[in-house]
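Just so it is clear, none of the values below were taken in a lab; they were calculated from the coordinates. Because the structure is predicted, anything quoted here is derived from the model rather than measured. Every residue, glycine as well, gets a Cβ built from its backbone with ideal geometry; the counts of neighbours run over all protein chains shown.
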Amino acid sequence: SQQGEEDPQALSIQEGENATMNCSYKTSINNLQWYRQNSGRGLVHLILIRSNEREKHSGRLRVTLDTSKKSSSLLITASRAADTASYFCATEDSGGSNYKLTFGKGTLLTVNP
Amino acid sequence: ETGVTQTPRHLVMGMTNKKSLKCEQHLGHNAMYWYKQSAKKPLELMFVYSLEERVENNSVPSRFSPECPNSSHLFLHLHTLQPEDSALYLCASSQDTSLGYTQYFGPGTRLTVL
């Protein structure tokens, strides 16, 4: 069953603007990961945040996790046209198998030059 | 490049054909995965192998048959597929199946079943 659900489904912004994508999930998790997928290609891991962490940074990426609200957000600052891709959150559920990631449907981000 | 390769990148097959998808990882990982990605649906986990043993078969129809001859190679054998099996098939690997390991994905095979 689907765990992570990204919001919005699609986002279009201008280069230089910030992009924020949200993910909500339903059950307790061990960690939450964000992945990026360019059109028709494989997924690339961006960042992992553990359930006891609230915020994490990696370059222009900032991820927050609120376990009380069962939600996470991915912020991309100073966006570039090359950031155009689909972004997925994936949860590793605390009650499930360790290796099992449950993905959402993704947010399609378009950054216009 | 993520260190995970998949061949072929594109495959068109009829419903009576038999074909195989190949995945190879050059990362020294012990776990490998097959996922199916269909349009407008979340990524679906199909199979998981850990140290060449299958640890998960996620209710996948028998027309999909995985094979893991060693920890670097993973195959997905296809026979008598249906048009609804058309999708992007993604292979991934991770260090092992323990908590919190990142999965590294290949570029995928775009499969079209006519």
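In debye, nearest 20: dipole of the protein assembly as shown around its Cα centre with unit charges on the Cβ of K, R (+) and D, E (-)?
Using Cβ point charges on Lys, Arg, Asp and Glu, the protein assembly as shown gives about 320 debye.
Using the structure shown, list the pairs from A:26/B:22; A:26/B:18; A:56/A:100 with a Cα-Cα distance above 32 Å, or answer none.
A:26/B:22; A:26/B:18
Amide H to amide H under 5 Å from residue B:86: which residues, 5+ apart in sequence or cross-chain, H placed 1.01 Å off N in plane?
When sequence neighbours closer than 5 places are left aside, the close amide H contacts are B:113.
Treat every Asp and Glu Cβ in chain B as -1 and every Lys and Arg Cβ as +1, leave all other atoms uncharged, and give the resulting dipole magnitude about the Cα centre to the nearest 20 debye.
Here the size comes out at about 480 debye.
Put +1 on the Cβ of every Lys and Arg and -1 on every Asp and Glu Cβ in segment A:68-113; which of A:71, A:106, A:81 then has its Cα farthest towards the positive end of the dipole?
With unit charges placed on the Cβ atoms, the residue in question is A:71.
Can you compute 3J(HN,Hα) from phi for each residue in segment B:71-76, using the Karplus curve 6.51 cos²θ - 1.76 cosθ + 1.60 with θ = phi - 60°, rounded to whole Hz and x for Gly and Pro?
Listing the rounded values in order: 6, 9, 10, 9, 10, 10 Hz.
Sort by residue number and report every cysteine in chain B with no other cysteine beta carbon within a distance under 4.7 Å.
B:68
Could you pull out every one of the lysines with an alpha carbon less than 17 Å from that of residue B:40, ignoring same-chain neighbours closer than 8 positions?
Hits, sequence-local ones excluded: A:105.
Counting every Cα pair in chain A, what percent are over 16 Å apart?
Roughly 55 percent, once rounded to a whole number.
Tell me the volume per residue, in Å³, of the convex hull enclosing the alpha carbons of the protein assembly as shown.
In the protein assembly as shown, the Cα hull volume divided by residue count equals 117 Å³.
Within a 10 angstrom radius of each residue's Cβ in A:83-91, how many Cβ atoms of other chains show up on average? Whole number is fine.
1
Amide H to amide H under 5 Å from residue B:56: which residues, 5+ apart in sequence or cross-chain, H placed 1.01 Å off N in plane?
Answer set, sorted by chain and number: B:48.
Inside 10 Å of the C-beta atoms of A:35-45, what's the mean count of C-beta atoms belonging to other chains?
Mean number of neighbouring Cβ atoms from other chains: 6.
Give the calculated FRET efficiency between residue B:20 and residue A:77 to the nearest 0.05, with a Förster radius of 35 Å applied to their Cβ-Cβ distance.
The formula returns an efficiency of 0.20 here.
Only counting other Cβ atoms within 10 Å, I'd like A:70, B:18 sorted with the fewest neighbours first.
The order, fewest Cβ neighbours first, is B:18, A:70.
Could you work out the per residue convex hull volume over the alpha carbons of segment B:41-81, in cubic angstrom?
Hull volume normalised by residue count: 82 Å³.
With equal scatterers on the alpha carbons only and no solvent term, can you work out the Debye log10 of I(q)/I(0) for segment A:6-61 at 0.31 1/Å?
Calculated log10 I(q)/I(0) at the listed q: -1.38.
Given Cα pairs under 8 Å that are at least 6 residues apart, what percent is the relative contact order of chain B?
So the answer I get is 37 percent.
Once phi is turned into θ = phi - 60°, what whole-Hz ³J(HN,Hα) does the Karplus curve with 6.51, -1.76 and 1.60 give for every residue of segment A:81-88, x standing for Gly and Pro?
4, 5, 7, 4, 4, 9, 10, 10
With an 8 Å cut-off on Cα pairs and a minimum separation of 6 or more residues, tell me the relative contact order of segment A:12-67 in percent.
Relative contact order comes out at 23 percent.
Quick one: what Rg and Dmax do you get for segment B:1-98 from the alpha carbons, in Å?
Both quantities, over Cα of segment B:1-98: 13.0, 39 Å.
Which whole-Hz couplings ³J(HN,Hα) result when phi for each residue of segment A:19-31 is put into the Karplus expression 6.51 cos²θ - 1.76 cosθ + 1.60, θ = phi - 60°, listed in order with x for Gly and Pro?
Per-residue couplings from phi come out as 10, 10, 10, 10, 9, 10, 9, 10, 10, 5, 10, 8, 7 Hz.
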